[in-house]
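Please read the structure below before turning to the comments.
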Amino acid sequence: MLIKSDVVDLSTPTGVMRTYVHRPAHDKQVPAILFYSEIFQQTGPIERAARFMAGQGYAVLVPEVFHELNPIGTVLGYDDAGRDKGNADKSAKDVQGYDTDNRAMIEFLNKQDWYDGNLGAMGFCIGGHLAFRAALQPEVKSTACFYATDLHTNVIPNKPNQHSMERLSEIKGELLMIWGKQDPHIPTSGRVLVYHKLLEANINFTWHEFNGQHAFMRDEGDRYDAQLALTSYQLAIQMFGRTLK
């Protein structure tokens with residue numbers, strides 16, 4: 001399936017949010033996926049992943065997750081400086097800003113002739129957490145979270161009672177949770193904590209742990225595992241196919 005890519009600048013309560021839109025080149029109506037990057041924003045690996053999902057028949061929206069804190073178009077490097085800046089941005093952003101970012105994208109989608117009204121979310125690393133956060137929106141029918149960081153910590157609550165795990169009752173759609181067992185950012189104890197909280201909340205979810213490192217989906221660097229990435233993409237495509245099409 002041929003795809004095309006566009007850029008839109010969306011107004012949010014915290015400023016303009018550049019959003020990259022990758023979608024099938026035809027004009028038929030399609031489901032959409034809110035697609036969340038790592039702390040580095042839309043790098044080459046993230047753009048390729050988003051375009052891959054668009055090629056499965058979805059409109060994929062990639063927001064600049066820290067738009068309030070950087071010039072439009074910022075992409076951080078996969079190096080110490082980029083990691084330090086991204087982690088600082090993660091700590092600085094008010095967690096409720098992600099909720100208003102989600103609303104801005106949903107309102108944009110609702111105005112598009114090519115959107116069929118079926119919505120999912122997907123993300124990697126902190127983007128896995130932000131996809132989980134997007135699942136709080138009532139329109140989101142299914143969400144794929146890849147090694148979602150900080151669900152088991154209090155790194156990005158910023159306000160009392162606003163941590164994503166404290167709002168599980170708001171999640172109505174299906175979750176796909178994928179983890180790497182050799183991921184130092186989400187240890188076994190953290191994964192166990194998240195698993196039991198999802199069970200206790202009676203969330204509709206599936207859970208997959210693979211022998212992979214953090215960022216094993218990223219097709220750049222020595223942690224990339226192409227076989228695990230393919231399996232994980234297949235799981236996401238199957239879920240979105242069941243729930244959005």
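Structure notes:
- Additional length obtainable on full extension of the chain from residue 169 to residue 78, 0.36 nm per residue less Cα span: 29.2 nm
- In this simple spin-label model, placing a label point 7 Å from the Cα along the Cα-to-Cβ direction at both residue 245 and residue 206 gives a separation of 1.5 nm.
- Long-range amide H partners of residue 10 with built H, under 5 Å: 17, 18, 19
- Among 237, 62, 216 - extreme Cα towards positive end, dipole of the chain, charges at beta-carbon: 237
- Net charge dipole, the chain: roughly 480 debye, given to the nearest 20, about the Cα centre with Cβ charges of +1 for Lys and Arg and -1 for Asp and Glu.
- Gap separating the Cα centres of the stretch 203-219 and the stretch 55-77, nearest whole Å: 22 Å
- Per DSSP, loop trypsin sites (Lys or Arg not before Pro) in the stretch 36-123 with at most 12 further Cβ within 10 Å: 111
Rule-based calculations on the coordinates, nothing more; no lab input. Every value quoted in this text rests on a predicted model; they were computed, and no experiment measured them. Cβ coordinates were reconstructed from backbone atoms using ideal geometry, including for glycine residues, and neighbour counts include every protein chain displayed.
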